[in-house]
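K.L.:
Here's a structure for you.
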Amino acid sequence: MLIIPAIDLKDGKCVRLEQGLMDRDTVFSDNPGEQARKWEAQGAELLHIVDLDGAFAGEPKNRGAIEAILKSIEIPTQLGGGIRDIGTIEAYLELGIGRVIIGTAAQRNPEFVKEACKLFPDRVVVGIDAKNGMVAVQGWGEVTDVTAVELAEKFEGFGVSAIVYTDISRDGMLQGPNIEATKALAEAISIPVIASGGLSSIKDIEKLLVIESSGVTGVITGKAIYTGAINLAEAIKITKSNQ
């Protein structure tokens with residue numbers, strides 16, 4: 001299982017939100033490139049980047065910070081936030097992003113995901129964000145009447161590399177991930193699932209390792225590693241010893 005550090009970008013700075021609320025943000029660094037180097041030095045094998053401004057605006061908003069990150073590290077990256085068309089995907093991949101994450105556009109137009117997977121094999125991830133089991137879109141500002149499992153099942157056979165599943169109610173709250181919902185989603189589909197939201201301790205990682213066999217291949221961590229609740233290097237070591 002991969003432990004994937006997150007860099008969430010707002011106004012060019014590394015921030016963490018509570019429950020996806022833009023007015024409940026904490027700035028952890030004003031140097032995204034330096035922060036990325038720190039996570040790479042601690043053993044990260046993949047970096048998760050979110051353009052928060054882009055997620056709300058529906059178009060890229062933090063290109064400068066993203067370029068700074070890419071120039072600073074050698075490990076692969078995946079990026080989401082404001083990706084709504086093929087042109088944006090092309091631009092990010094040409095910039096050096098490893099995989100793009102389609103969120104809002106995936107819920108509204110699954111055929112867009114299908115087209116993207118055909119054009120860019122193995123480089124498309126779908127982000128599913130849920131509140132009380134229901135999919136939320138537009139930077140989590142709008143909750144739909146579609147369940148996370150129903151949406152995920154639409155992408156079977158498209159060639160999606162992974163599903164990033166975020167429980168909004170737990171994101172940034174250090175309350176532990178929603179193990180039950182993550183396991184249920186992973187078992188309902190054949191696409192690998194990356195857990196996100198609420199990771200708070202090494203014990204949470206141990207709980208996720210138990211459901212790794214269900215198809216949970218990674219976990220994204222943000223606030224826990226920024227505050228020191230989890231030591232990234234230690235967490236990675238535990239996953240390696242479990243292999």
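The values are calculated or read from the model by the stated rules, or taken from the named source; none is laboratory data. Being a predicted model, the structure only gives us computed values, none of them experimental. Here the Cβ is made from the backbone with ideal geometry for all residues, glycine too, and neighbour counts use every protein chain on show. To get the accessible areas, we keep the full protein, side chains included, count just its heavy atoms, and leave off ligands, DNA and RNA. Shrake-Rupley method; radii C 1.70, N 1.55, O 1.52, S 1.80 Å.
K.L.:
Show the residues, 5+ positions off or on another chain, whose built amide H is closer than 5 Å to the amide H of G197.
P.N.:
So G197 has HN proximity to I220.
K.L.:
Tell me, what is the FRET efficiency for I86 and T217 to the nearest 0.05, using R0 = 25 angstrom and their Cβ-Cβ distance as r?
P.N.:
0.40
K.L.:
State, to one decimal in nm, how far the label point of K71 lies from the label point of E111, with both points 7 Å from Cα in the Cβ direction.
P.N.:
Computed distance between label sites K71 and E111 equals 4.1 nm.
K.L.:
Carbon-plus-sulfur fraction of the accessible area of region 1-72, 1.4 Å probe, in percent?
P.N.:
Percent of accessible area from carbon and sulfur atoms in region 1-72: 44.
K.L.:
Report the extension gain between S190 and E45 in nm, rounded to one decimal, defined as 0.36 nm multiplied by the number of residues separating them, less their alpha carbon distance.
P.N.:
Using 0.36 nm per residue and subtracting the Cα-Cα distance, I get 49.9 nm.
K.L.:
Give a residue-ordered list of calculated ³J(HN,Hα) values for region 54-70 (Karplus: 6.51 cos²θ - 1.76 cosθ + 1.60, θ = phi - 60°; whole Hz; x for Gly, Pro).
P.N.:
Computed from phi, the couplings for region 54-70 are x, 4, 7, 7, x, 7, x, 9, 10, 4, x, 5, 5, 4, 4, 5, 5 Hz.
K.L.:
Identify which of the listed values of Rg and Dmax of the Cα atoms in Å was calculated from the structure shown: (1) 16.1, 42; (2) 17.2, 54; (3) 17.7, 57.
P.N.:
So the calculated entry is the one marked (1).
K.L.:
For region 63-182, build the charge dipole from Cβ charges (+1 Lys, Arg; -1 Asp, Glu) around the Cα centre, then report which of G80, F155, G127 sits farthest towards its positive end.
P.N.:
The residue sitting farthest along the positive end of the dipole is G80.
K.L.:
Suppose every Lys and Arg Cβ carries +1 and every Asp and Glu Cβ carries -1, with no other charges. What dipole size does region 6-156 come out with about its Cα centre, to the nearest 20 debye?
P.N.:
Dipole magnitude for region 6-156 comes out near 140 debye.
K.L.:
Please list the non-local residues whose amide H lies under 5 Å from the amide H of I102, H modeled 1.01 Å from N, same-chain partners needing a gap of 5 or more.
P.N.:
So I102 has HN proximity to V125, V126, G127.
K.L.:
What is the gain in length, in nm to one decimal, between I238 and K203 on full extension, counting 0.36 nm per residue of separation less the C-alpha to C-alpha distance?
P.N.:
So the chain would gain 11.5 nm between I238 and K203.
K.L.:
Related question: Where does each of 210-217, 54-61, 189-196 land if you order them by average Cβ count within 10 Å, highest first?
P.N.:
Descending packing order for the listed peptides: 189-196, 54-61, 210-217.
K.L.:
Please name whichever of L199, L185, A41 sits farthest to the positive end of the charge dipole of the chain, dipole taken about the Cα centre and charges placed at Cβ: Lys and Arg +1, Asp and Glu -1.
P.N.:
Highest projection toward the positive end goes to A41.
K.L.:
With n ≥ 4 as the cut-off for DSSP H runs, can you work out [θ] at 222 nm for the chain, using -39500 (n - 2.57) per run divided by the number of residues, rounded to the nearest 500?
P.N.:
-10000 deg cm²/dmol
K.L.:
Work out from phi, with θ = phi - 60° and the Karplus expression 6.51 cos²θ - 1.76 cosθ + 1.60, the ³J(HN,Hα) of each residue of region 48-53, listed in order in whole Hz, and give x for Gly and Pro.
P.N.:
9, 10, 10, 8, 5, 4
K.L.:
Which whole-Hz ³J(HN,Hα) couplings does region 123-134 yield from phi under the Karplus relation 6.51 cos²θ - 1.76 cosθ + 1.60, θ = phi - 60°, glycine and proline marked x?
P.N.:
10, 10, 10, 9, x, 10, 10, 10, 10, 6, x, 9
K.L.:
So who's got an amide H within less than 5 Å of the one on I7, skipping anything under 5 residues away but keeping other chains? H placed 1.01 Å off N, in plane.
P.N.:
H48, I49, V50
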